[in-house]
Structures are given as structure tokens and as C-alpha cells.
1. Tell me, yes or no, whether segment 58-76 has at least one residue that is among the small types (Gly, Ala, Ser) and either within 20 Å of Glu24 (Cα to Cα) or in contact with a Cys (Cβ under 7 Å, 6 or more places away or on another chain) (or both).
2. Restricting to segment 45-63, name every residue that is within 15 Å of Cys33 (Cα to Cα) and aliphatic (A, V, I, L, M).
3. Being more than 21 Å from Ile87 (Cβ to Cβ) and among the hydrophobic types (A, V, I, L, M, F, W, C) is the filter here; which residues of segment 1-55 pass it?
4. Please go through (1) among the polar types (S, T, N, Q); (2) assigned to a loop (DSSP other than H, G, I, E, B); (3) over 20 Å from the mean Cα position of the chain (by Cα) for Asn102 and return the number of the only condition it doesn't satisfy.
5. Looking at segment 90-99, which of its residues are in a loop (DSSP other than H, G, I, E, B) and polar (S, T, N, Q)?
6. Confirm whether Ile87 is closer than 18 Å to Val109 by Cβ and outside any helix (DSSP H, G or I).
7. Within segment 19-42, work out how many residues are out of contact with any helix residue (DSSP H, G or I) (no Cβ under 9 Å at 6 or more places or on another chain), in a loop (DSSP other than H, G, I, E, B) and either closer than 17 Å to Ile64 by Cα or at pLDDT 95 or above (or both).
8. Restricting segment 72-102 to residues that are under 21 Å from Glu4 (Cβ atoms) and in contact with a helix residue (DSSP H, G or I) (Cβ under 7 Å, 6 or more places away or on another chain), which is surrounded by the fewest Cβ atoms within 10 Å (Cβ to Cβ)?
Amino acid sequence: MVIEFDPINRYIKITSGTSISALEIYNAAMDWCDEQPTIVHSVPMGAVGKAPLGGGVYTDSIFILQDGWKIKLYNGTYQFVIFGTVITGDETPRTVPPDSGNVEVIFQVSSQGIIIPGVGEWTQTEKDAIISDVALIKSKVTKPMIIP
């Protein structure tokens, strides 16, 4: 995945691939704006999130395109997925169309909005309870219905 920056037009240009994470774009933007030749340009993105909610639970990260920066994808007709919450600071569109072609951009975001580090595996007790519940529901659904 190649990411380039056009500070004149304020484009973050994705030049290949079919998907990328918002964190990858953010990290590239931070690396780019830290370089001596580009330090005079505005910072393309900011980020907020990972605020502690207690009990080892954190909010999701939100990446903000700022100061008029937009994501621009390479030419062609294809579908592209950006994983993570990306917004603009001024409620404008996050992307601009490629010079040629038609790109459908999908922003795949978390429906939970929280991060629980280290929790991703169900205990055997939880698995057994779900299996039991499914079996009970299945038995109720498969019983013949008697209509008086």
C-alpha cells in the first residue's frame, strides 16, 4: 500500500490496494508531516479516542481529516474499504473522486465503539450457555403448530 501526500490540493492519495485501515493512513500522515521539507504544510489528520471507560475498556479511535484534507484513491473502477472511523472536521465529504473511473468507498466502522483489550475469547461456560439457548429455541421452532 502506497500513500502519497499532495499538500497543494490537500489530498492523501492511496495509490494501490483494495483496503486500508484508518490507523495506517494516520500513521503515514504523522510520518509525512514530521519530515523537515513538509513541516510547513498543515497536518492532514488528527485523532481522538482510546479514552479509558474503566475496567480495562476504552473508547474507539476516531480519525479526523482536518484543514480541508481529503482522501483520494487511484484511478479505476473498483470498491475500496477503509477500516476505522474517519470523519472531517467540517462535515464535508471524506473523499474526492479519482481522476478517472468510479470508486465505491466503504468505511467499515465498529458498531460497538469500544475496545476491550485482551477480551476476544468466549469461556467454555459462555459457549455452553449459548449452545443450550440455541437448542431450546430450535426445539420450540421445530415443534408442529396445532391450530384449533
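1. Residues of segment 58-76 among the small types (Gly, Ala, Ser): 61, 68, 76.
Filter once more, so that each one left must be either within 20 Å of Glu24 (Cα to Cα) or in contact with a Cys (Cβ under 7 Å, 6 or more places away or on another chain) (or both): 61, 68.
Taking every residue of segment 58-76 in turn, at least one turns out to be among the small types (Gly, Ala, Ser) and either within 20 Å of Glu24 (Cα to Cα) or in contact with a Cys (Cβ under 7 Å, 6 or more places away or on another chain) (or both).
2. Keep residues of segment 45-63 that are within 15 Å of Cys33 (Cα to Cα), which gives 45-47.
Scanning segment 45-63 gives Met45, Ala47.
3. Matches in segment 1-55: Met1, Val2, Ile8, Ile39, Val40.
4. (2)
5. Step one: of segment 90-99, the residues in a loop (DSSP other than H, G, I, E, B) are 90-94, 97-99.
Within segment 90-99, just Thr92 meets the criteria.
6. Values: closer than 18 Å to Val109 by Cβ: yes; outside any helix (DSSP H, G or I): yes.
Yes, satisfied.
7. 0
8. Phe83
The values are calculated or read from the model by the stated rules, or taken from the named source; none is laboratory data. Worth saying up front: this structure is predicted, and the values here are computed from it rather than measured. Note that we place each Cβ from the backbone using ideal geometry, even for glycine, and neighbour counts take in every protein chain shown.
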